[in-house]
Amino acid sequence: MQADVFLSYAEEDRARAGAVSNALEALGWSVWWDREIAPGSTWRETIERAIEGTRCMVVLWSESSIVSRWVHEEAEEGLARARLVPVLIEPVRPPMGFRSVQVCDLSGWEGDPKAADFVSLTKAISALAGPPQRGAASPDASLLLPEPPRPGLERYAWEPVSSWRHWPSCWLACGGR
């Protein structure tokens with residue numbers, strides 16, 4: 001099954017990853033994370049297949065994940081494929097190689113899908129994976145669409161974030177913070 005979102009995290013952050021996954025699934029996106037690796041399958045093969053089929057890779061950065069070789073490898077794949085949406089779940093500095101990509105900060109997020117930082121995440125995911133496809137509780141569409149350009153920025157052409165080649169999509173979708 002191809003998922004809309006691939007969720008990368010350190011094992012120590014499983015509870016926070018579950019909360020993010022549940023919130024995204026409640027909005028209607030399909031989320032792949034390593035809860036179900038079939039017996040007889042290898043982690044690497046299963047993860048590679050999941051990455052191949054996903055449209056957006058959300059990497060959860062924490063004290064544990066910044067030192068995880070697996071999370072680094074998955075984040076590198078997301079960056080190379082222009083599908084990476086980095087998310088802070090703790091106030092940490094992303095590892096070398098990922099610091100130039102703007103993050104969505106969920107370090108203070110308490111599970112509210114209408115919280116500003118979570119809305120920024122949904123906008124970044126929408127830009128890469130498109131709006132939710134499944135018939136879950138339909139979110140307010142205005143929460144998922146990138147904002148139109150602000151006055152004074154007319155010199156920049158308005159186009160979907162996924163088509164911007166020179167700026168990380170999350171930087172603009174997260175408000176450039």
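Computed over the Cα atoms of region 66-115, the ratio of the radius of gyration to the Kirkwood radius (Rg/Rh) comes to 0.99. For GluC sites (Glu not before Pro), the sites in region 20-108 that DSSP calls loop and that have at most 15 other Cβ atoms within 10 Å are 36, 63.
Our summary gives region 3-138 a relative contact order of 30 percent, counting only alpha carbon pairs under 8 angstrom and 6 or more residues apart. Segment residue 69..residue 92, full-extension length gain: 6.6 nm, with 0.36 nm per residue of separation and the alpha-carbon distance subtracted.
Between residue 57 and 6, 84, 85, the built amide H atoms are under 5 Å apart, and every one of these is 5 or more places off in sequence or on another chain. Answer rounded, prolate or oblate for region 1-100, using the Cα gyration tensor with square roots of eigenvalues a ≥ b ≥ c: rounded when a/c is under 1.5, else prolate when a/b is larger than b/c, else oblate. Verdict is rounded for region 1-100. Charged side chains reduced to their Cβ positions (Lys and Arg at +1, Asp and Glu at -1) give region 72-125 a dipole of some 260 debye around its Cα centre. Over region 1-75, accessible surface divided per residue gives 47 Å², non-protein components excluded, 1.4 Å probe. Using 0.36 nm per residue and subtracting the Cα-Cα separation, the extra length available between residue 133 and residue 82 on full extension is 16.3 nm. Extension gain for the segment residue 44 to residue 107, taken as residue separation times 0.36 nm less the Cα-Cα distance, is 19.8 nm to one decimal.
The values are calculated or read from the model by the stated rules, or taken from the named source; none is laboratory data. The structure displayed is predicted, hence computed values, not measured ones. So basically every Cβ, Gly included, is an ideal-geometry build from the backbone, and we count neighbours across all protein chains shown. These accessible areas exclude ligands, DNA and RNA; they are computed on the full protein's heavy atoms, side chains included. Shrake-Rupley method; radii C 1.70, N 1.55, O 1.52, S 1.80 Å.
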